[in-house]
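Encoded as structure tokens, the structure appears first; notes follow it.
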């Protein structure tokens, strides 16, 4: 009998019989693992290095940079949540993103991406990858795939990269459009891999693999970890796609450590409870903000806000299971008003990151997206008056009262400026 997702994910990767019937998995801090004999050791190492004709080794571990029982257990839990064939965990979200991009791109496999993206990802794509011999092209919207192919003389991408909803301004991209186009233009010797950053909603509220994506990427620090006490990244998808990412992870060295993997696995047990509660609270806060601030100043991935923003509501409703717990807000008074708003908050904590148990607020233009070129920020709506809110587990009325006070402070600043 097939069990529900929440049940499968709770126990994925561990059986009590593996560890003297302990109800929870142990942590394996070991850096290296003993081979039963020299032949097995040779088989493991030759296979890890891709030596031609290597003997297939039995299951086992070599060195924790390559893999570890605790890391494998946590990866199986992420794979369970995404219902994917395999998953890989990293020391940070950027380690996951950069490793995946490097693994599936080269001089003959350009990267196409749709903005806006998280500032670190945008910087890596625009400033770092081109120095490594990769061609990178930004497209405005997925309906520009065919014109872009024509403009580039028929050179197909190796990767189509997108983030939906976009950080921080909530633009929605139809994942299936990218997947269908990639399938149509892929060949046996040139596979186009669709990568989706799913950090903003996570596997509870959006499942990109079911929409045809090949690889899902996460800052696992956020909802997957969700307690502001670990840094991690994840990649989840088809086995052959993840295998290449793991190969590059081995030599780039971005593997997650055992302690963080153990903490992440524990946090994933409560993922659905936290996310569902945060989404309910966000709905309450959004209802208040639309009335207090004006619907035109409120940004979210909820249908009524997407409609006000001119976004594709039908696509969001088809591929999302709700609007999540992230909110964008245009505050009166420009940067001064936004800073006054943030400084007036008491329940919300002024900090970057998101998806944690505590509610967070930040100023994207000068913080998470400080390194994004000014023209890109202007084009994508990351203005000086824009703040980003991440809803946590506090009582919704306390969050509403905090935001109301801060909004009135910002209004006062804006009035004085005039």
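Each value in this text was obtained by applying a stated rule to the coordinates, not by laboratory testing. Only a predicted model underlies this, so the values are computations on that prediction, with no experimental measurement involved. All Cβ positions, even for glycine, are placed from backbone atoms using ideal geometry, and neighbour counts span all protein chains on display.
Roughly what % of DSSP beta bridges within the chain run antiparallel, to the nearest 5? Around 60 percent of the beta bridges assigned by DSSP in the chain are antiparallel ones. For segment 348-418, the relative contact order comes to 33 percent (Cα pairs under 8 Å, sequence separation of at least 6). Label zone of residue 284 (point 7 Å out along Cα→Cβ, amide N under 20 Å): in segment 316-352 this covers 322-328, 345-349. For the peptides 73-82, 295-304, 398-407, the ranking by packing is 73-82, 295-304, 398-407, with the highest mean count of neighbouring Cβ atoms within 10 Å listed first. Dimensions of the chain based on its C-alpha atoms, expressed as ranges along the principal axes with the largest first, amount to 78, 58, 40 Å. With the highest mean first, a sort of the peptides 37-48, 254-265 on other beta-carbon atoms found within 10 angstrom per residue produces 254-265, 37-48.
Placing a pseudo-label 7 Å from each Cα along the Cα-to-Cβ vector at residue 291 and residue 239 gives an inter-label distance of 5.4 nm.
Restricting the calculation to alpha carbons of segment 1-62 gives Rg and Dmax of 16.4, 43 angstrom. Taking the 0 to 90 degree range and rounding to the nearest ten, how far is the long axis of helix 334-344 tilted relative to the main principal axis of the chain, both from C-alpha atoms? Once rounded, one gets 80 degrees. Seen against the Cα atoms of the chain and their longest principal axis, helix 38-48 is set at about 40 degrees.
With the highest mean first, a sort of the peptides 19-30, 61-72, 174-185 on other beta-carbon atoms found within 10 angstrom per residue produces 61-72, 174-185, 19-30. Across the chain, Cα pairs under 8 Å and at least six residues apart give a relative contact order of 16 percent. Here the relative contact order of segment 271-417, from alpha carbon pairs under 8 Å that lie six or more residues apart, stands at 30 percent. Multiplying the residue separation of residue 108 and residue 276 by 0.36 nm and subtracting their alpha-carbon distance yields 56.2 nm.
Legend: calculated FRET efficiency, residue 22 to residue 349, from the Cβ-Cβ distance at R0 = 41 Å, rounded to 0.05, equals 0.70.
Quick one: in segment 159-316, what % of C-alpha pairs are over 26 Å apart? Beyond 26 Å sits 36 percent of the P(r) for segment 159-316.
If you model segment 271-417 as an ellipsoid using its alpha carbon gyration tensor, with each semi-axis the square root of five times an eigenvalue, the axes come out at 22, 19, 15 Å, biggest first.
DSSP beta bridges confined to segment 64-182 are antiparallel in about 10 percent of cases. Counting only alpha carbon atoms, the long axis of helix 271-293 and the longest principal axis of the chain meet at about 20°. On full extension, the segment bounded by residue 11 and residue 251 gains 83.4 nm, given 0.36 nm per residue less the C-alpha separation.
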